[in-house]
Amino acid sequence: MKFDIDKLEKVISYYKKDIKNISLDEIYKLKAIKCFQDNWDINAENFYDMLSKSLSKSKRLLASRNFFPKNMILYFASKEPETVREMFVNLFNETISLSRRIDSFRDSSDILLKQYADEKMNAHYQNLNAISTYLFFRFPEKYCVYKEGKFKSFADKIGYDSSQKRGSFEILQAYYDMCEEIFTVVKDDHELVKIAMDRFRNMNFNDNGLHLLTEEIVYIGSRASYDSIFEIVAENNEVYIQQNTDKYTKEDFLKEVYVDEKDYDFLVRILNRKKNIILQGAPGVGKTFLSRRLAYSILGAKKDDKVKFVQFHQNYSYEDFVMGYKPCENGFELKYGVFYNFCKEAEKNPKEKYFFIIDEINRGNISKIFGELMMLIENSYRGMEIELAYGGEMFSVPQNIYIIGIMNTADRSIAMIDYALRRRFSFFDVKPAFENDRFLNYIESLGNKKISNLVEQIKLLNKDIKDDFSLGEGFCIGHSYFFNGDFTDRYVYEIVEFDIIPLLKEYWFDDYDKLEKWEKSLIAVVE
């Protein structure tokens, strides 16, 4: 194996843990494959019409903001259907080497662009991502969808080499080689085989859908945070931070977290008074990191048995959180949820503080998850008993439980937090640390002029974001991009190309001039 098998197994465990949600999120790929294969006919009399129907369910796989391969290939097919037909004949000819097929497809696209481009067309978008998607639709038992950022993120997590030249056939081949090695692990995992057979039984895949499962594992693994995969050990819906008991003080917190002493004292004071706090801010400002360190500093040590970490999602329920009936061998039995169990543990040690951390708190249906506990978590009602919905049991939330919620303010797809819960929490804005003296000293210590210049540009960028009426401070770029890297010039360039610019494309999808301005400004300081 060319990667760390233990790390891959942890990614796979993370994938299995949330398979129900992943299945729903990824179903569009299955629909896209089925649509393509149901309509594909290379000998169709009307090639343009056939191609249009075949790609009609491709959605964001072949179209996103500032990336339009589907529209361009259909445009070319409307102009020269026989040329485009021949392009796909060659691309899908498995007797020809893959490198030759890809070069031929791109070369033909270059020629068509020169011949038919108007003043608004500056690219044909038939890059490695688009071509790998066509191959994925045609041969899902062999190919996975390639994206450079996805490849590099996943490769980094499992220790796989992804240093090949950007846009080259070599980097695509390295990606396919990695996927094949992962596939060999997937096909030997009986649980994954069963998942594939259950999900894809109607698709008649020669490999029972295991390559598609491999594609999902790589995609999900690339998007998940490093912490969520490697620093958290999951058990059902409960997540325990790994055990250690190192001493941890306020001074340790202020060394590690780019929050000043005044804000730290406020956080401690408000937690002691209110019992419940939500850390809110843009992605990449270190909210999760801060939440754990805050708990440790109040405890005086990294007492992981006193800290519980969960992540809410759309399917998280009262039954997971408090209690509910779950299937068993003899029908159904009442099982206690993660928060119920944590409260009972805290009751045994009333003089000890316990911290319950909820990541992505606004992703869940708050009323559904908390139920009658919405009242009991309020400080003034701590210790008061109320009858629970299941079993008629009397229950209270102890005084020594402290709840820390984490909320991403830049995700437009998430509803605002429930107002009933809002008044029971205090809110603290976690801001980017680009003005923090300790952070700036850290950047200077890296000794890389491009990083220093990039930080200065991001300060200006954040001002522009903050002043933008449709965005605001909650969408600013965070400082976490500047940690855990080798900080070579190449690494700094990749921060901009694969992390920051894609985020700006989401922010300013309807303001191309502003997007173009910042793309050029950011690239200029790292090239």
Just the number, please: percent antiparallel of the DSSP beta bridges in the chain, rounded to the nearest 5.
-> 45 percent
Treating only Lys and Arg (+1) and Asp and Glu (-1) as charged, each at its beta carbon, one finds that the chain has a dipole about its Cα centre, in Debye to the nearest 20, of 840 debye
How would you rank 287-296, 107-116, highest first, on the average number of other Cβ atoms within 10 Å across their residues?
-> 287-296, 107-116
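Summing +1 for each Lys or Arg and -1 for each Asp or Glu, what net charge is found among the other residues whose Cβ lies under 10 Å from the Cβ of Gly159?
Summing Lys and Arg as +1 and Asp and Glu as -1 gives -1.
Do any of Lys274/Lys302; Lys16/Lys287; Lys459/Lys514; Lys157/Lys303 go past 20 Å between their Cα atoms, and which?
Working: Lys274/Lys302 23 Å; Lys16/Lys287 26 Å; Lys459/Lys514 16 Å; Lys157/Lys303 27 Å.
As for pairs spanning more than 20 Å Cα to Cα, those are Lys274/Lys302; Lys16/Lys287; Lys157/Lys303.
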With Cα coordinates, the longest principal axis of the chain makes an angle with the long axis of helix 210-223, in degrees rounded to 10, of 60 degrees
How far is helix 81-91 tilted off the main Cα axis of the chain, in degrees rounded to 10, range 0 to 90?
-> 70 degrees
Computed, not fitted: 222 nm per-residue ellipticity of the chain from DSSP H runs ≥ 4 (each -39500 (n - 2.57)), nearest 500, equal to -15000 deg cm²/dmol
Helix 98-116 versus the longest principal axis of the chain: what is the Cα-based angle in degrees, 0 to 90, to the nearest 10?
-> 80 degrees
Here the convex hull volume per residue of the stretch 342-457, taken over Cα atoms and given in Å³, is 163 Å³
Taking the dipole about the Cα centre of the chain, with the C-beta of Lys and Arg at +1 and of Asp and Glu at -1, give me whichever of Gln164, Val193, Asn349 is farthest to the positive side.
-> Asn349
Pull up all non-local amide H partners of Ile357: gap of 5 or more, or a different chain, and H-to-H distance under 5 Å with H placed in the peptide plane.
-> Lys308, Phe309, Val310, Ile404
Determine by what factor the alpha-carbon radius of gyration of the chain differs from 2.2 N^0.38 Å, reporting the quotient.
-> 1.08
Could you point to the residue in Val84, Val525, Asn408 farthest towards the positive end of the chain's charge dipole, with +1 and -1 charges on the Cβ of Lys/Arg and Asp/Glu respectively?
-> Asn408
Taking the Cα centre of the stretch 1-144 as origin, sum charge times position over the Cβ atoms of Lys and Arg (+1) and Asp and Glu (-1), and report the length of that vector in debye to the nearest 20.
-> 620 debye
Compute the Rg to Rh ratio over the stretch 422-468 from the alpha carbon atoms, using the Kirkwood formula for Rh, and round to two decimal places.
-> 1.15
Semi-axis lengths (Å, descending) of the ellipsoid that matches the C-alpha gyration tensor of the stretch 1-116 = 33, 19, 14
Considering the options Tyr176, Phe439, Trp40, tell which one lies farthest towards the positive end of the dipole of the chain, charges being +1 on Lys and Arg and -1 on Asp and Glu at the Cβ, about the Cα centre.
-> Phe439
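Where a number appears in this text, it was derived from the coordinates with a stated rule and is not lab data. Every value quoted in this text rests on a predicted model; they were computed, and no experiment measured them. Positions of Cβ are backbone-derived with ideal geometry, glycine not excepted, and every protein chain shown enters the neighbour counts.
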